Amino acid sequence: MGEFLILSLLLSSFLAGVLNSLIDERASKTRILINLSAGIYKLFVVFYLFKNKISQELYFEITQGVEVALKVDDFGLSFIILSSFLWFLTTIYAFGYLENSENKRRFFTFFNLSISSTIGIALSNNLLSFFLFYELLTLSTYPLVVHNGTKSASKAGGIYLIYTLSSGALMLTSLGLIYAQGGSASFTKGGDLNLIELADKNPTLAKALFLMLFFSMAVKAGMFPLHSWLINAMVAPAPVSALLHAVAVVKSGAFGIGRLIYYLFGKQQVLELGLYEPLGYLAGLSILIGSIFALFQKDIKKRLAFSTVSQMSYILLGFLMVGEGGINAGLFHIFAHGIMKITLFMCAGSYENALGAKKLSELRAVGRAMPMTSLAFLISSLALAGFPMSLGSKSKEMLKQASISVGFWWVGPLLLISTVLTFIYLVLPALRMWVGKAPKDKRALPKAMSLPILITGALSFAPMILGGVEGGNSPLRLIK
């Protein structure tokens, strides 16, 4: 039963992608049925795995000593819950957003393949499996980045491939070096025994491997200075931006770094190698740089993209504050940022769809014309800035608590600066949306675009659902 559920979880979206590629471009009802069925089935399986605490492993041997390994564990299931839920809502939103667009068949084909790759990343139980799905994610998201077919989209797609394929090559090199040392690179809580032994015998090589793997994953996580692809990719349609920032690509990079620290090398070895501190400083710099650059962006989606550069490094910083507090803080912010940022990108897509507005200067008084969308944008902006009782506030609280155990005294002041900058570049523009005369030329939006925004907007101020009232809880603890 467990093996069937793992395979069906992985293959449900893959099969939906195949079916989308086979149906006629005009078969809208069939397309909706296929995608909704796949999404509902995935949610059902995830709920069943969660409720019954199923832990199952699955192996496919390629050659002697080399195998693709899949497993359902607490850490991976946390990511699967988030990606399945947000992907389902993004699918509904995409139905409305692309209602009058061309190439819907191609879009939903690769849209499904990308979430299938993301689920594969979450299920991977060794570095080889992770690498295979990591590269499949690159290949399946590239057609989405270039979906509009413009010159700017083609350029963005080329930059995206350069960054992501280079990161994949770096990961493959690391994997080859590990196998050359006789390692298996398995994801084991506390660390792979072969890598632990290697770190004891040859700490220099172990440090090199750790850094290579860290930066190969930091590319997809959008960490400064490896973030340029993320900004250029904003030419993609809003559902793709939501997918890149909140569900699949950047979260897969951050999730991989969590696996690297806690399940490949193990927290004790990471502490002994001493790399967590300089990398923590780099994550802190990324938080600051992303926030500062966001201040100067006039385009809505580019401002949100630089915000992602900053906010994703909250997650990396949490994981790098090695310990239970760090992993809980990092994993919580994967959830929190996913919910808040997907709301903001869906709102940005709605403004573009209804008003043709792409710049913040074009959104003055839009709250009077689109009150529910603008309220969701304001709520999620406040949450991202860390307004009390929001998901963002809970993330900052957990990061501060985790920083004490590793002596990162600078985290508190850094988060305060980031909060102020986020308020300036996001909350103030959201407030200005309610001042002035309402724009008259507004196109009515499909209902499919409104419901997902209202759901995720409301969840931005629901820390008790994901984090609990008392400090320290996280999705990982709730699953346990």
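The values are calculated or read from the model by the stated rules, or taken from the named source; none is laboratory data. Predicted model only: the values in this text are computed from it and were never measured. Every residue, glycine among them, receives a Cβ derived from its backbone with ideal geometry; neighbour counts consider all protein chains shown.
Is it the case, given these coordinates, that Glu352 is without any contact (Cβ under 8 Å) to a residue 60 or more places away in the chain and either outside any helix (DSSP H, G or I) or not hydrophobic (A, V, I, L, M, F, W, C) (or both)? Criteria not met by Glu352. Residue count for the range 355-386 satisfying the condition of being in a helix (DSSP H, G or I) and free of Cβ contacts under 8 Å to residues at least 40 places away in the same chain: 2.
Among the conditions (1) of a type outside the set (S, T, N, Q); (2) closer than 24 Å to Ile453 by Cα; (3) without any contact (Cβ under 8 Å) to a residue 40 or more places away in the chain; (4) crowded, with 20+ Cβ neighbours inside 10 Å, Phe133 misses just one, which is (2).
Here Ile334 fits the description: β-branched (Val, Ile, Thr) and either at pLDDT 90 or above or more than 30 Å from Lys201 (Cα to Cα) (or both).
Scan the range 456-468 and give yes if some residue there is modelled with pLDDT of 75 or more, hydroxyl-bearing (Ser, Thr, Tyr) and not in a loop (DSSP other than H, G, I, E, B), otherwise no. For the range 456-468, residues modelled with pLDDT of 75 or more, hydroxyl-bearing (Ser, Thr, Tyr) and not in a loop (DSSP other than H, G, I, E, B): present.
Answer with yes or no whether Glu324 is without any contact (Cβ under 8 Å) to a residue 12 or more places away in the chain and within 20 Å of Ile424 (Cα to Cα). For Glu324, the condition - without any contact (Cβ under 8 Å) to a residue 12 or more places away in the chain and within 20 Å of Ile424 (Cα to Cα) - is not met.
Considering Phe345, Phe293, Phe319, Phe335, the condition of being touching a Pro at 6+ places or on another chain (Cβ under 8 Å), assigned to a helix (DSSP H, G or I) and either of a type outside the set (Ser, Thr, Tyr) or without any contact (Cβ under 8 Å) to a residue 40 or more places away in the chain (or both) is satisfied by Phe335 alone. Residues of the range 219-235 that are assigned to a loop (DSSP other than H, G, I, E, B), on the phi < 0 side of the Ramachandran plot and either buried (at least 24 other Cβ atoms within 10 Å of the Cβ) or not hydrophobic (A, V, I, L, M, F, W, C) (or both): Ala221, Met223, Pro225, His227.
Screening the candidates Ile453, Ile424 for the property of being out of contact with any Phe, Trp or Tyr (no Cβ under 9 Å at 6 or more places or on another chain), of a type in the set (A, V, I, L, M), modelled with pLDDT of 85 or more and in a helix (DSSP H, G or I) yields one hit, Ile424. Please verify whether Ser216 is among the polar types (S, T, N, Q), without any contact (Cβ under 8 Å) to a residue 60 or more places away in the chain and assigned to a helix (DSSP H, G or I), treating the condition exactly as stated. Yes; evaluated as a whole, the condition is true for this residue. Candidates are the residues of the range 359-380 that are under 19 Å from Thr422 (Cβ atoms) and small (Gly, Ala, Ser); the one that is surrounded by the fewest Cβ atoms within 10 Å (Cβ to Cβ) is Ser374. Residues that are outside any helix (DSSP H, G or I) and under 30 Å from Gly149 (Cα atoms): does the range 77-99 have at least one? Scanning the range 77-99 turns up at least one residue that is outside any helix (DSSP H, G or I) and under 30 Å from Gly149 (Cα atoms).
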